[in-house]
Amino acid sequence: MNSDLSSLRVRDIGEQGLLERLQRFCPPEIIGDDAAVLATKAEESLVVTTDMLVDGVHFSDVTTSPEDAGWRAAAANLSDLAAMGAFPLGITIGLGLPGDIKVSWVERLYQGMSECLQKYNAPIVGGDIVRSPITTLAITAFGQADPNFIIRRSTAQVGDAIVVTGIHGASRAGLELLFNPQIGQHLKTADKAALIAAHQRPNPRLDVIPILQEVLPSPCPLPPAPCLISGMDSSDGLADAVLQICRASKVGAILEASKIPLPSAFNHWLTPERSLHYALYGGEDFELVLCLPPQAAFTLVQKLGAGAAIVGKITPGSTVMLEHENKKIPDQVLTLNQGFQHFS
């Protein structure tokens with residue numbers, strides 16, 4: 001990039017100048033009006049989600065390049081669509097920026113978002129930019145789903161198996177390595193790189209939806225028959241996801257600590273207690289946590305392959321219990337206040 005251009009500040013070109021530069025990341029036939037019009041298929045439901053990221057809370061220059069911050073921001077929203085059983089149509093971006101931030105930083109942020117979105121043919125279709133003392137990124141993602149295949153938190157049934165679509169704890173471990181590189185000095189280079197990539201470039205599990213549709217071709221029959229699937233993503237940690245599902249569905253759960261899939265690098269690096277803590281509360285793994293009948297769960301895990309696992313079951317009541325195969329460690333009741341919560 002030309003050095004003169006790389007030193008440009010947002011205040012040097014203003015809102016319209018920045019918008020003009022960023023419009024090249026958007027399809028020209030969609031942007032330019034007061035709102036975007038996205039064509040949806042007949043008999044499809046429009047699914048909308050919004051996520052906000054704040055500098056110093058969700059990303060920082062210490063751990064995340066602008067490109068990686070953009071990728072993670074897009075991935076977080078696409079993960080929310082995947083958790084609903086929806087496929088992405090596009091996103092809009094609300095951007096709050098200090099006037100002295102470099103234009104090149106903003107362009108690199110958009111480049112990272114575009115790289116993630118291009119994998120799923122999901123364009124940037126608009127947004128808004130305002131002055132802000134702190135860099136803030138608010139993304140609204142639009143998706144479409146079969147109305148009979150919407151995944152909700154509130155439909156878990158007693159007896160359902162709890163499935164995770166991949167390993168947990170990797171993103172938190174990657175973040176720790178970025179903050180404290182010396183703690184990973186005994187890790188293999190490939191293992192360290194994989195853990196850092198899990199934090200900086202997570203992949204939303206949109207690939208799970210077609211497989212799930214094969215396993216459960218009619219997951220939500222007409223009432224009063226129960227819906228055959230419930231779930232959400234694990235962006236705030238595995239424990240949080242199970243607790244949120246149970247609270248919405250008015251059920252309890254048992255998680256088996258030994259069944260939770262962890263990165264193999266943990267075996268030679270972290271204590272079992274620390275490994276489990278990362279998996280339960282680390283967050284930002286962006287896997288799906290799904291509750292479905294046991295046979296369907298078994299088939300799904302087989303089709304998904306390595307990393308996917310049945311980690312527990314839905315039970316009567318409201319208690320979510322973590323059970324340890326090694327009875328030397330006492331069973332533990334899980335609660336929402338054990339994980340990260342904003343303002344706590």
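At a glance:
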{"read-out": "Gain upon complete extension [Ala197, Met52; 0.36 nm per residue less C-alpha separation]", "value": "50.1 nm"}
{"read-out": "Compactness relative to 2.2 N^0.38 Å, alpha carbon Rg of segment 223-331", "value": "1.09"}
{"read-out": "Segment Ser264-Arg11, extension gain: residue separation times 0.36 nm, minus the distance between their alpha carbons", "value": "86.3 nm"}
{"read-out": "Accessible surface, per residue, of segment 194-337 when the full set of protein chains is kept, probe 1.4 Å, Å²", "value": "45 Å²"}
{"read-out": "Rounded to 5, percent antiparallel among DSSP beta bridges of segment 52-189", "value": "60 percent"}
{"read-out": "Charge sum, other residues only, whose C-beta stays under 14 Å from Leu228's C-beta, Lys/Arg counted +1 and Asp/Glu -1", "value": "-2"}
{"read-out": "Under 16 Å from the Cα of Lys250 - lysines, other chains or at least 8 residues apart", "value": "Lys313"}
{"read-out": "Largest to smallest accessible area among Ser264, Ser235 [probe 1.4 Å]", "value": "Ser264, Ser235"}
{"read-out": "Cα-projected label distance for Val37 with Ser60, points at 7 Å along beta-carbon direction, nm", "value": "4.6 nm"}
{"read-out": "19 Å Cα-Cα reach of Lys328 towards lysines, excluding residues that sit fewer than 8 places from it in its own chain", "value": "Lys259"}
{"read-out": "Neighbourhood net charge (12 Å Cβ-Cβ; Lys/Arg +1, Asp/Glu -1) for Ala161", "value": "0"}
{"read-out": "Charge tally in the Cβ shell below 12 Å around Ala173, where Lys, Arg are +1 and Asp, Glu are -1, Ala173 excluded", "value": "-1"}
{"read-out": "Relative contact order [Cα under 8 Å, 6+ residues apart], the chain, whole percent", "value": "21 percent"}
{"read-out": "Arg21 versus Phe179: modelled label distance in nm, points set 7 Å from Cα along the beta carbon direction", "value": "3.2 nm"}
{"read-out": "Mean ellipticity per residue at 222 nm, deg cm²/dmol - from DSSP H runs of n ≥ 4 across the chain, formula -39500 (n - 2.57)", "value": "-10000 deg cm²/dmol"}
{"read-out": "Radius ratio Rg over Rh of segment 1-92, counting only Cα atoms, Kirkwood formula for Rh", "value": "1.02"}
{"read-out": "Placed amide H near Glu287: partners under 5 Å, 5+ positions off or other chain", "value": "Ser234"}
{"read-out": "Accessible solvent surface per residue of segment 1-104, calculated while the other protein chains remain in place, 1.4 angstrom probe, Å²", "value": "51 Å²"}
{"read-out": "Accessible-area composition of the chain, carbon plus sulfur, in percent [1.4 Å probe]", "value": "53 percent"}
{"read-out": "Förster-model FRET efficiency, 22 Å R0, Leu222 and Gln157, C-beta, rounded to 0.05", "value": "0.85"}
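The values are calculated or read from the model by the stated rules, or taken from the named source; none is laboratory data. Keep in mind it's a predicted model, so treat the numbers as computed, not measured. Virtual Cβ from ideal backbone geometry, glycine too; neighbours counted across all protein chains shown. Quick note on the areas: whole protein, heavy atoms, side chains included, nothing else; ligands and nucleic acids left out. Shrake-Rupley method; radii C 1.70, N 1.55, O 1.52, S 1.80 Å.
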